[in-house]
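Here is the structure we will look at.
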Amino acid sequence: MGTVGQDLRFALRQLRKSPAFTLTAIVTLALGIGVNAAMFSVIEQVLLRPLPYANQSRLVAIDNSPNGQTVSNSDTFSLPDLREYKARTHTVEDIGWYTFQLPTLGGTENPQITPQIVGTPNLLHLLGVHPRIGREFTADDAQPGRNHVLILSDTVWHKYYNADAGILGRVVPINGDPYTIVGVLPPDIYFPMGAEDETFSPLNSDDKALQDRSSRALVPIVLVRPGVTPEQTQAEFNSIHQQLLHDYPKDEDADHILAQSYRDSITRGSRPALVALNWAVLAVWLIACANVAGLMLTRTNGRRREIAIRGALGAQRGRITQQFLTESLLLALAGSAAGLGIAFVALRLLRKYLADSVLYGADIHINGGVFAFLLGASCISALLFGLAPAWHASSVPAQEGLREGTAAAGTSRRQAMWRDGLVVTEITLTLALLVAAGLMMRTLLSLRHTDLGFATDHVVTGSMFMPTHGAWWTAAGDPKATQNLVNTFYHPLLQKLSTTPGVQAAGLTTVRPLTTHVNFSAGVHAKSQPDVPSSRQVQAQVRAATIGYFKVFGIRVLQGRLFNDEDTPTTPIALIANQALVKAVFPHDNPLGQQIEIGDPGPRQWGTIVGVVEDSHQRSAGEAAQPEFDMNLEQITPADPMYPILVTFHTDIAVRSRLAPGVTEDTIRRDVHALVPEIAIDNLAPMQQIVDDSLGNQTLAARLLGIFGLAALLIAIAGIYGLLAYSVSQRTRELGVRIALGAARQDILWLILRHACMLLAAGIAIGLAVAWAASGVMRSFLYGAAGYDLATVLLVVLALGLCALAASYIPARRAAGIDPVEALRSE
């Protein structure tokens, strides 16, 4: 212990004697370790933290997946199919299923849009989750007339009901229907995708609308038997699926069944981006370590006389190595301490962008695991940048070190090779990181200039959730007695908005553009074409819209017409198709007048295409428009089978106005609540903001990679400058002799720059190879550019080269200006 204490005191004295070196090293390490600690916090809490379910290790998600490829975070199945899987499987202990709704929760100060999980009574028990107060659902709760019972999440209990201990038995309205609260879940139970404010209710499996095998509305979750792998379950489910496809060819989907752990299923959308960013910050850390190692080598060379004297006095090689590693460890610990502050700042930025896009995104924080990571990173960093200098320092022969009277005598070839190698490593990693950042920025630029197929200027849009009864897949009660929302609410609302000064147009649609959380789709069956199994039908997005919707968004008509006053509830349903549907279904025929099946056999079975409009991006700017057809909302009545889905569940309102966005938003709220006070309005915002928000992942990746790339560039440039500046100081006598013997100043300038260019060329060559190897990973994140875009790569190489040459020019010019008399006199 005495030796360790002596080494610590000596190391502190040495570091205090070189404040510029010490501060540079600490700041460099703080940047590298800090951003890595922040990313480790994200990785640990999003990808590694155990789920709050007792049975998490045996939970498996089941998806439909074309060609065995993962396409979504969850997929839906029909109730008859799920019952078949449950009856025939041998690898599964239990299966539950659920659907997701966004009803209005009453019994609070103001109606709240609250996610509702409607699932089988065994769902929570299957997860291994039990209420903190109250009871679980029972089989009887799923019986018709008994399923209006409710279990609250802990967040809803605290947020809306002030953690009322007497909440059990209380009746609250959901979409106006009375529900009895029977339980409250423990804290931190988020299901299925990390939403905190959820309620749970049992699914009425006897609902007639769920018995249709083509009605895919339910998401399954599977509890496999102990020792069973997802791969085994996947093989068994695919075998069952093939049997169902043989038995019900018209109703079954031909897609492959994909089974994977539930944890992987809910993080797979964010996993590639997070892993890619983690590699980026790891590169920054390695660049920082390489830079500090170069500084340490430079500093060690200046201390060779000191080391030689210590060796001559009997210090063993291990003792000298220990001393230098102690200094390295002190620097690493100081860098980690400063890096903790950088980690806090970086996490604030990450939380802002990840809160709504990843599991536990809003709860990412510095915890004990991060502190352990910082300690480990400090030790590893000390070894990475301290071992080579320590080894070189301890290997200097005493006679050589004592013979060197000044620093100007030069440096060993071996040390020069190590320093050059570190600089090449920095350039290599910096170039690869800058290429990745450049490609993401190119992607963001391409997305921002993509023709979305609709106008965003002066448009405000939002979602309206109706206080209707029943689930979205079925109407409740007698259609003849059901109030027609089109007549009582939608039409009066549009008339009221249209007469508001400053409002240019107002419209409604089931799902506005760039919506990802609500989706209605169906197979397209054209009357003029032969019947095909549903698995081979073109899948199209189904919307209901008013004529004002197309005017608000400026969607152009390419053929035919838009909806008009001649389209009434008593006339055949008019349809408007987009270009993608025409290309997919009627590639060689005139689409106008073609009929598409929209309902059960009867007078409203077929809709007629009256117009074709240009494509609009439905889900994101980077995803091509899918086939789509729109019905006229004002033609749909409660007697139509599509009424409960397209009219009463969820409707988006859009208004084009010369007024300020805030004024337009207030106008929408006022006019909506003047007609129906109970309606909840959500996500009311300018359409341009919605477009910008839809680019959140690309924006985050571009910004972070840009920051990491800039940090790497600064560190690398500092490394090049430091190496060449020190090299000039070490070669002062040599350069002075060259000038004294007649060497031109330009020759000396080129001598130094040539060395820099050689290092730069080697680093760029290796960096291009690394970037090429990583292009396959990058390709999945890019839009409008290939995984290895030549223009971006050339621009990055040019920028890095100019910065490196600028950093090299200063010491090269200093070398060319050496006074030979002063250089020789100093010896």
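The values are calculated or read from the model by the stated rules, or taken from the named source; none is laboratory data. Note that the structure is a prediction, hence the values are computed from the model and not measured. Glycine gets a Cβ as well: all are built from the backbone with ideal geometry, and neighbour counts include every protein chain shown. With ligands, DNA and RNA removed, areas are computed over all heavy atoms of the protein, side chains included. Shrake-Rupley method; radii C 1.70, N 1.55, O 1.52, S 1.80 Å.
See the values below:
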quantity: Accessible carbon and sulfur surface of segment 591-696 relative to its total accessible area, %, 1.4 Å; calculated: 52 percent
quantity: Under the Karplus curve 6.51 cos²θ - 1.76 cosθ + 1.60, θ = phi - 60°, whole-Hz ³J(HN,Hα) for segment 290-295, x wherever Gly or Pro sits; calculated: 5, 5, 5, 4, x, 4
quantity: Nonlocal amide H pairs with VAL613, under 5 Å, H built at 1.01 Å; calculated: LEU558, ALA577, ASN578, GLN579
quantity: For VAL149, distant residues with modelled amide H under 5 Å away; calculated: THR180
quantity: Stretch gain in nm, segment GLN529-LYS208, where the contour uses 0.36 nm per residue and the Cα spacing is subtracted; calculated: 112.6 nm
quantity: Loop-located trypsin sites (Lys or Arg not before Pro) in segment 657-708, at most 13 other Cβ atoms within 10 Å (DSSP); calculated: ARG658
quantity: Cut-off under 5 Å, modelled amide H: who pairs with ASP177 long-range; calculated: none
quantity: Karplus-derived 3J(HN,Hα), 6.51/-1.76/1.60, for each residue of segment 420-426, Hz, glycine and proline x; calculated: 4, x, 5, 5, 4, 4, 4
quantity: Extended-chain gain in nm, criterion 0.36 nm per residue less alpha-carbon gap, LEU805 and ASN487; calculated: 107.2 nm
quantity: Accessible-area order (highest first, 1.4 angstrom probe) of the listed residues SER336, SER214; calculated: SER214, SER336
quantity: Overall form of segment 572-684 per C-alpha gyration tensor (a/c, 1.5; a/b vs b/c); calculated: oblate
quantity: 1.4 Å probe accessible area per residue over segment 520-615, in Å²; calculated: 46 Å²
quantity: Accessible surface ranking that places the most exposed of PHE40, PHE586, PHE344 first, with a 1.4 angstrom probe; calculated: PHE344, PHE40, PHE586
quantity: Pairwise Cα inverse-distance average, inverted: Kirkwood Rh of segment 196-271 (Å); calculated: 15.2 Å
quantity: Exposure of CYS803 as accessible area (Å², to 10), given a probe of 1.4 Å and all protein chains; calculated: 50 Å²
quantity: Set of lysines near LYS527 by C-alpha distance (under 19 Å), chain-local residues within fewer than 8 positions excluded; calculated: LYS250, LYS583
quantity: Area accessible to solvent at LYS583, 1.4 Å probe radius, in Å²; calculated: 140 Å²
quantity: For segment 139-297, with +1 on Lys and Arg beta carbons and -1 on Asp and Glu, the positive-most of THR155, ILE240, ILE287 along the dipole; calculated: ILE287
quantity: Separation in nanometres of the label points that stand 7 Å from Cα toward Cβ, at ALA372 and ALA20; calculated: 4.2 nm
quantity: Angstrom value of the Kirkwood radius, inverse mean 1/r, which spans all Cα pairs in segment 636-723; calculated: 17.8 Å
quantity: Under Karplus coefficients 6.51, -1.76 and 1.60, residue-wise ³J(HN,Hα) of segment 5-13 in Hz, glycine/proline x; calculated: x, 5, 5, 5, 5, 5, 4, 4, 5
quantity: Accessible-area composition of segment 521-561, carbon plus sulfur, in percent [1.4 Å probe]; calculated: 49 percent
quantity: Accessible area of THR499 in the full protein assembly, 1.4 Å probe (Å², nearest 10); calculated: 110 Å²
quantity: ARG225/ARG268 FRET efficiency (R0 30 Å; Cβ-Cβ; nearest 0.05); calculated: 0.80
quantity: Percent accessible area from carbon and sulfur atoms, segment 136-201, protein chains only, probe 1.4 Å; calculated: 49 percent
